[in-house]
Each structure stands twice: as structure tokens, then as C-alpha cells.
Amino acid sequence: YLLKVFNDNVNLGLKEKKIDLWLKEHKIPGFVSPEEKVYIDGIFKSYILENIKDADAISMFIKKKHIKLMKVTNKDLVGLMLDASKKLELLHKSNKIAGDISENNIHIAFYIDNDSFGIGNLPADAYTDIYTDPNAYEKSGRVNMDKQTDMYAFAILTFKILTRLHPFNGTYKK
């Protein structure tokens, strides 16, 4: 098992509500699900999730040296991203938003960081700037995520995995 511990600046009430929803009814194949909530001094602080053995983050495929060492072909990378896209489609069909799609939150065969997902009326509450749709930024500074912003992030990530380059060479200026 793995333990996810939150930083002090995280809205623990929102995270706990999301974990409650995942524990009740929201398990989806291909997504690492929370197993149990953890309380310290009676306050929700973290959760335990199943360990995913031999499921490295896809970030390793952005580095040419890893691709050469592992003898990974472009066909392999396309297959990996096609599998990830099917899982994202399952998530969207269950009316959830991933929000923080990045090479660190997708592992081979699994999506992680489910506590950041948008579930029910609870918003997705994390994102990675370099994958965030510029249209998602509101004047207030809030980032409004939906299925379209997930697809934007996924397209940017797929481009980066296949070319090892970000198509816009950096972060959108807010």
C-alpha cells in the first residue's frame, strides 16, 4: 500500500469529501483508488491507496535515454497513450474530471492522484500549468476545469510523449 499525505495548503475538507465518494461508489478500472482514510489526532490528513507494482510514471518516456535503454518504439508509445485515452473516456463517462493530467499522474496502465479529480459537484482542484488550457483561467485566477480541459491536457501530454517536446515550449502566461 501507499500513503498519500497532503501539504498544509490543501483544502482537507474537499479532499475528504472526494475520498468518501471514491470509497462509496466511484471505483473505475485503470484508476488507483483510495482504500482507507487516515486521521491524525482526529483530523483527516491522508489516505491509503493500493500499491501499483511495476507501474512507472510515463514521465520516463519523455527522456530519450530511457526510451533507448528500454527499447521502446513509437508504436509502443502510441499504444500506451491510446490505452490512457480509453481510461480517460471511462472517467468522463462516469461524469468525473481528471484536472491534473501530467506525465507524473499517469503511470503505465493506471491513473493516480484521484483526490484531485472533479467528482459529482466537487470540482477538480489541481492542475499542472504546462498542460492547462489557457481558456480555463478566469480573471479571478481560478482555473475552471471540465472534460474539454482534460482533453486539451491529454493532447499536449500525448504530443510531448511522442516528440519529447512541449508544443508551445513552456507555460501559458496568466
**Prompt:** Any residue in segment 64-87 that is assigned to a helix (DSSP H, G or I), modelled with pLDDT of 85 or more, under 30 Å from residue 38 (Cα atoms) and touching a strand residue (DSSP E or B) at 6+ places or on another chain (Cβ under 8 Å)?
**Reply:** yes
**Request:** Residue by residue through segment 101-113, note down the ones that are surrounded by fewer than 22 Cβ atoms within 10 Å (Cβ to Cβ) and either touching a helix residue (DSSP H, G or I) at 6+ places or on another chain (Cβ under 6 Å) or not in a loop (DSSP other than H, G, I, E, B) (or both).
**Result:** 103, 104, 107, 110, 111
**Asked** Only one of (1) among the acidic types (Asp, Glu); (2) open to solvent by less than 30 Å² (accessible area, probe 1.4 Å); (3) at positive phi is not met by residue 41, so which one is it?
**Response** (2)
**Asked** If you take the residues in segment 126-171 that are of a type in the set (Ser, Thr, Tyr) and surrounded by 15 or more Cβ atoms within 10 Å (Cβ to Cβ), which one is farthest from residue 9 (Cα to Cα)?
**Response** 158
**Prompt:** For residue 152, are the conditions met, namely being in a helix (DSSP H, G or I) and either at negative phi or in contact with a helix residue (DSSP H, G or I) (Cβ under 6 Å, 6 or more places away or on another chain) (or both)?
**Reply:** yes
**Item:** Residues of segment 6-48 satisfying the condition of being in a loop (DSSP other than H, G, I, E, B), of a type in the set (A, V, I, L, M, F, W, C) and farther than 27 Å from residue 86 by Cβ
**Value:** 6, 10
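The values are calculated or read from the model by the stated rules, or taken from the named source; none is laboratory data. Bear in mind the structure is a predicted one, so any value in this text is a computation, not a measurement. With ideal geometry, Cβ positions are generated from the backbone for all residues, glycine too; neighbour counts draw on all protein chains shown. Side chains are part of the model used for accessible areas, which takes the heavy atoms of the whole protein and leaves out ligands, DNA and RNA. Shrake-Rupley method; radii C 1.70, N 1.55, O 1.52, S 1.80 Å.
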